[in-house]
Amino acid sequence: MKKVATAYVLTCTLLIISIWCGVAIGSVHIPIEVLWNQSVDETAANIFWKIRLPRVLLAGLVGASLAIAGAAFQGLLKNPLADPYTLGISSGASVGAVMTIFFSISMPVVGLYALPTFSMIGAIITMVIVMSFARVVDRSLKMETLILTGVIFSSFLGSLISLMIALSGEELRQVIGWLLGSVSMRGWPYVQMIIPFVIVGSLMLWTQRRELNVLLYGEERAKHLGVNVKRSKYLILVGGSMLTGAAVAVSGTIGFVGLVVPHMTRMIWGSDHRHLLPLSFFNGATLLIICDLVARTIILPRELPIGVITAFIGTPVFSYIFYKQRRGKGVRA
């Protein structure tokens, strides 16, 4: 219990520190006094409440969504190299977003939020198609079938994205910028948009925390221990896909968070999903807030896509995980 308490205290402390650094550091320094007295510096207060705080919260929610989804998928697939993009959900969300930019789609009802709306629709449609096709191929819905189905559809959707990029003109810069990932200039509406999906998706995964622990021993043993394996699979896949689709819809494609964070959390604090899921949630938020801070301050006044920073961090870590797994030294799901 002492180790668990230490894990939560340390993780939450790091998250709080990262949030404050995210809102305070930048081209304009934000004094802490604006939290209770906006008249101290009205310009700084406006930047804090209208630009920095929603941006930091959005980065935190995206990072948390990808990390908890990654932890669940790694447990379900019993593979530390799995991540939220395994089933091709992000490709579906990306197709929806790129189509919106390429065809200049707009809707009076959603207004400026047509891009995240169609991105989320693309993610949902892809999730339904992948799971339906996998079920037609294999009614028992084995994980190998799901992974292969995800790879097939991800490759197809990736080719569609490449086709639209090849045919795009003035939209090219916007398409590439979105695909690289960013939480810049999103504002409170995007935070409000992702919150319901984060809550519902995270709760779906949280209800399966004990089932994920049992599934680590194999599906057959889990059935003998009373786990409804098929139901658990659906809940985990739908919850994780919902989180992934929502994250991609509001921020673009941001890689490696859902791969690196759960794995490092598991290495440090253990593989019990009762704690791995919430700790991954908090650590994912912390990592992406820090990455966003680096992305917007490292080459001021210009700003890097956040996906570039996560790739710089994630690539060596991914290489290390892959090396350890292939060498058979201590990498466990």
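The values are calculated or read from the model by the stated rules, or taken from the named source; none is laboratory data. No experiment lies behind these values; they were computed from the predicted model shown. Counting neighbours? That spans all protein chains shown, and the Cβs are built from the backbone with ideal geometry, glycine included. Please note that ligands, DNA and RNA were not included when accessible areas were found on the heavy atoms of the full protein model with its side chains. Shrake-Rupley method; radii C 1.70, N 1.55, O 1.52, S 1.80 Å.
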Within region 135-181, considering residues that are in contact with a helix residue (DSSP H, G or I) (Cβ under 7 Å, 6 or more places away or on another chain) and without any contact (Cβ under 8 Å) to a residue 24 or more places away in the chain, the one farthest from Lys78 (Cα to Cα): Leu172
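Here's the yes/no breakdown for (1) of a type outside the set (A, V, I, L, M); (2) open to solvent by 10 Å² or more (accessible area, probe 1.4 Å); (3) closer than 21 Å to Gly255 by Cβ:
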| site | (1), (2), (3) |
| --- | --- |
| Val95 | no, yes, yes |
| Val98 | no, no, yes |
| Ile101 | no, yes, yes |
| Ser104 | yes, yes, no |
| Met120 | no, yes, yes |
| Met127 | no, yes, yes |
| Arg135 | yes, yes, no |
Failed condition for Ala5, given (1) loosely packed, with under 14 Cβ neighbours inside 10 Å; (2) aliphatic (A, V, I, L, M); (3) modelled with pLDDT of 95 or more: (3)
Cross-chain or 6+ apart pairs with Cβ under 8 Å, region 255-270 first and on the phi < 0 side of the Ramachandran plot and at pLDDT 85 or above, then open to solvent by 10 Å² or more (accessible area, probe 1.4 Å) and of a type in the set (S, T, N, Q): Val261/Asn283; Met264/Asn283; Thr265/Asn283
Count of residues meeting criterion [of a type in the set (S, T, N, Q) and either open to solvent by less than 20 Å² (accessible area, probe 1.4 Å) or within 13 Å of Cys21 (Cβ to Cβ) (or both)] in region 256-298: 4
Qualifying residues in region 39-50 (those that are hydrophobic (A, V, I, L, M, F, W, C) and surrounded by fewer than 18 Cβ atoms within 10 Å (Cβ to Cβ)) - the one nearest to Ile254 (Cα to Cα): Trp49
Conditions (1) aliphatic (A, V, I, L, M); (2) modelled with pLDDT of 85 or more; (3) within 21 Å of the chain's Cα centre (by Cα): number failed by Val317: (2)
Test: residue in region 83-94 that is farther than 30 Å from Leu167 by Cα, within 14 Å of the chain's Cα centre (by Cα) and hydroxyl-bearing (Ser, Thr, Tyr): no
Qualifying position, being more than 30 Å from Gly218 (Cα to Cα) and either without any contact (Cβ under 8 Å) to a residue 12 or more places away in the chain or not hydroxyl-bearing (Ser, Thr, Tyr) (or both), among Leu53, Leu66, Leu77: Leu53
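Check whether at least one residue in region 231-246 is among the basic types (Lys, Arg) and out of contact with any Leu (no Cβ under 7 Å at 6 or more places or on another chain), and report yes or no. Break it down stepwise before answering.
Start the filter on region 231-246 by keeping residues that are among the basic types (Lys, Arg), which leaves 231, 233.
Subsequent filtering for residues that are out of contact with any Leu (no Cβ under 7 Å at 6 or more places or on another chain) retains 231.
Yes.
Results for (1) of a type in the set (Gly, Ala, Ser); (2) open to solvent by less than 20 Å² (accessible area, probe 1.4 Å), shown as yes or no for each residue.
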position: Ala166; (1), (2): yes, no
position: Gly169; (1), (2): yes, no
position: Gln174; (1), (2): no, no
position: Val198; (1), (2): no, yes
position: Gln208; (1), (2): no, yes
position: Gly218; (1), (2): yes, yes
